[in-house]
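The values are calculated or read from the model by the stated rules, or taken from the named source; none is laboratory data. These numbers come from a predicted model, not from an experiment. Reconstructed Cβ throughout: ideal geometry from the backbone, glycine too, with neighbour counts over all protein chains shown. For the accessible areas, the whole protein counts, side chains as well, though only heavy atoms, and no ligand, DNA or RNA atoms are used. Shrake-Rupley method; radii C 1.70, N 1.55, O 1.52, S 1.80 Å.
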Amino acid sequence: MLAIPAALRQRLQQFGQEHVIDGWDRLADEQRQGLLAQLNAIDLEQMQRLYAQRDKVFAVPSPEKIAPVPVLQLNADVTEEKRLGTEALARGEVAVLLVAGGQGSRLGFDHPKGMYGVGPVSNKSLFQIHAEKVLALRRRHKHPVPFLVMTSDATDQETKDFFAAHRWFGLPDDEVTFFRQGTMPALDLQSGRLLLDAPGKLFTSPNGHGGTLTALADDGILDRLSSQGIKEIFYFQVDNPLVKVADPVFLGHHLKAHAEVSSKIVAKLGPTDKLGNLALVDGRCTIIEYSDLPEALAKQTDEHGKLRLWAGSPAIHVFSLEFLRRVTQGALRIPFHVARKKVPCLDATGKLVQPQVENALKFEMFIFDVLPMAERWTVVETSRREEFEPLKNATGADSPATVKAAISNLAADWLAKAGVTVPRDANGSAAVPLEISPLYALDAEELAGKVDCNLKIDGPTYLFKP
Ligand code: UTP
């Protein structure tokens, strides 16, 4: 029978966590091995510290330290920026990073969110839309664009199977890298003890999109990209199908400023818009979570009545590879954020209970906490209509209905620019479902170069390359 190493037992006692091995004798050897592996991966001292700090509200800097961030306009004179970005893509210096490790709990879909069909006519999945943009970039710039997909224990196998079943959506499979983010255990809210969700199994969940950074470094991906000549990494999240993947103009702004990090922003719809707030804190580019921003500060307006902190984050960034290498050398210094959640777990008698109220603390790192470490950065404005409609909820705002409508509206705008007459409703929205495959046209300019302006649209229309 597999025994518990004495040092581990002692450590568990020291940190008040020996309950996790209470049923050790009743476990099969396989379960014991699993539990040992889980326990060996946990930093008990860190868990103790996180529990002790659970009530410490995230320290928002004092208001006089917070200032609006200078923002560049994407639609200004972009010729030089576009050239710089396009040249970097053509030299093969840009990789694309998609984070898809979240559990998508609000959407309530039983699979990784990327598998959700959002194409208003084609019902294509988010994964397919993103992958086809990477493929279109690859074809346009005649150079491989490494596609990194971050998964988690919750999404890894299904995501890989989905890509394989769809033949990597046309991408060479050796240009798609899946890597898995780390996990964090949850703690009982009352006692600070580790929670089990099955005999011999600790409850764990993904460690937040900030886990991207450690996972990229730990898996040697940064080194590999560097040896392939990659210099910039375009980062985005799985839930937003509108994103302009590796937008050359955005890349160009980043390159021109020799920035370590660049972020796109959209204007917030109001003071309580649930977007991260981009601001300067002590002169450094920072994102303050909407839930952390004091109401009075969120509502402040300038002399024109405009929100003082108006820049919201759609979570679209470019990181220079050197910056990511620098911040992941040694211990990564970004904090864990604490959330109170309902976590099903075993009670003292070993029975699985579904809590009715928050019973647990979960811990996540946020990728944007790395922004203030950048010495040089740029912030570039884009519009929601063109670039941001995330899939978060099953109904209402940010739901399949709004996402499909946003894809149709963007297609309508591109078609109108190309001279095609598009049926619209009273609000200016597309009156019929419309969709343009990234493989047909990656942007409005490309569409204008190939679509027949006499195209008649009188029902659902999908433009794609056969
Ligand atoms: P959200 O914070 O919106 O979480 O993630 P979610 O999993 O999509 O949905 P909820 O909150 O459970 O309803 C924003 C992006 O960050 C990724 C998600 O996959 C999504 O692309 N993410 C989030 C990770 O990759 N890992 C995480 O641990 C958390």
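Total residues in the stretch 284-296 satisfying the condition of being among the hydrophobic types (A, V, I, L, M, F, W, C) and in a loop (DSSP other than H, G, I, E, B): the figure is 1. Selection of the stretch 149-173 for residues being in contact (Cβ under 8 Å) with a residue 12 or more places away in the chain and closer than 15 Å to residue 129 by Cα yields 149, 159, 162, 163, 166, 168, 169, 170, 171. Scanning the stretch 138-150 finds no residues that are at pLDDT 95 or above, part of a helix (DSSP H, G or I) and over 17 Å from residue 247 (Cα atoms). Check whether at least one residue in the stretch 95-114 is among the hydrophobic types (A, V, I, L, M, F, W, C), more than 25 Å from residue 406 (Cα to Cα) and outside the structural domain of residue 438 (by TED's automatic domain parsing), and report yes or no. Yes: the stretch 95-114 contains one or more residues that are among the hydrophobic types (A, V, I, L, M, F, W, C), more than 25 Å from residue 406 (Cα to Cα) and outside the structural domain of residue 438 (by TED's automatic domain parsing). All conditions in (1) within 20 Å of residue 215 (Cα to Cα); (2) surrounded by 22 or more Cβ atoms within 10 Å (Cβ to Cβ); (3) within 16 Å of the ligand (Cβ to nearest atom) hold for residue 129, with the sole exception of (1). In the set 320, 313, only one residue is under 21 Å from the mean Cα position of the chain (by Cα), hydroxyl-bearing (Ser, Thr, Tyr) and closer than 30 Å to residue 408 by Cα; that residue is 313. Among all positions in the stretch 16-24, there is no residue which is open to solvent by 80 Å² or more (accessible area, probe 1.4 Å) and either in contact (Cβ under 8 Å) with a residue 60 or more places away in the chain or assigned to a helix (DSSP H, G or I) (or both).
Residues in the stretch 289-314 that are within 16 Å of the ligand (Cβ to nearest atom) and out of contact with any His (no Cβ under 8 Å at 6 or more places or on another chain): 290, 291, 292, 312, 313, 314. Residue 59 satisfies every condition listed in (1) among the hydrophobic types (A, V, I, L, M, F, W, C); (2) in a helix (DSSP H, G or I); (3) open to solvent by 40 Å² or more (accessible area, probe 1.4 Å) except (2). Within the stretch 205-243, the set of residues being hydroxyl-bearing (Ser, Thr, Tyr) and within 14 Å of the ligand (Cβ to nearest atom) comprises 205, 212, 214, 235. The lone criterion from (1) in contact with a helix residue (DSSP H, G or I) (Cβ under 9 Å, 6 or more places away or on another chain); (2) within 15 Å of the ligand (Cβ to nearest atom) left unmet by residue 252 is number (2).
Just give me the residues in the stretch 59-111 being within 20 Å of residue 362 (Cα to Cα) and within 16 Å of the ligand (Cβ to nearest atom), in sequence order. Listed by number, the residues that qualify are 99, 100, 101, 102, 103, 104, 105, 106, 107, 108. Looking only at the stretch 394-428, which residues are open to solvent by less than 30 Å² (accessible area, probe 1.4 Å) and small (Gly, Ala, Ser)? The answer is 399, 406, 408, 411, 412, 418, 428.
Listed here are the residues, each with its yes/no results for (1) among the basic types (Lys, Arg); (2) in contact with a Ser or Thr (Cβ under 7 Å, 6 or more places away or on another chain); (3) open to solvent by 40 Å² or more (accessible area, probe 1.4 Å); (4) under 28 Å from residue 232 (Cβ atoms).
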site	(1), (2), (3), (4)
48	no, no, yes, no
52	no, no, yes, no
69	no, no, no, yes
82	yes, no, yes, yes
90	no, no, yes, yes
95	no, no, no, yes
108	no, no, yes, no
117	no, yes, no, no
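Taken together, 312, 305 contain a single residue that is at pLDDT below 95 and assigned by TED's automatic domain parsing to the domain that holds residue 263, which is 305. Among all positions in the stretch 327-337, there is at least one residue which is under 30 Å from residue 199 (Cα atoms) and either open to solvent by 20 Å² or more (accessible area, probe 1.4 Å) or aromatic (Phe, Trp, Tyr) (or both).
So which residues in the stretch 178-206 are among the aliphatic types (A, V, I, L, M) and part of a strand (DSSP E or B), if there are any at all? Listed by number, the residues that qualify are 184, 187, 194, 196, 198, 202. Of everything listed in (1) assigned to a helix (DSSP H, G or I); (2) open to solvent by less than 90 Å² (accessible area, probe 1.4 Å), the single unmet condition for residue 2 is (1).
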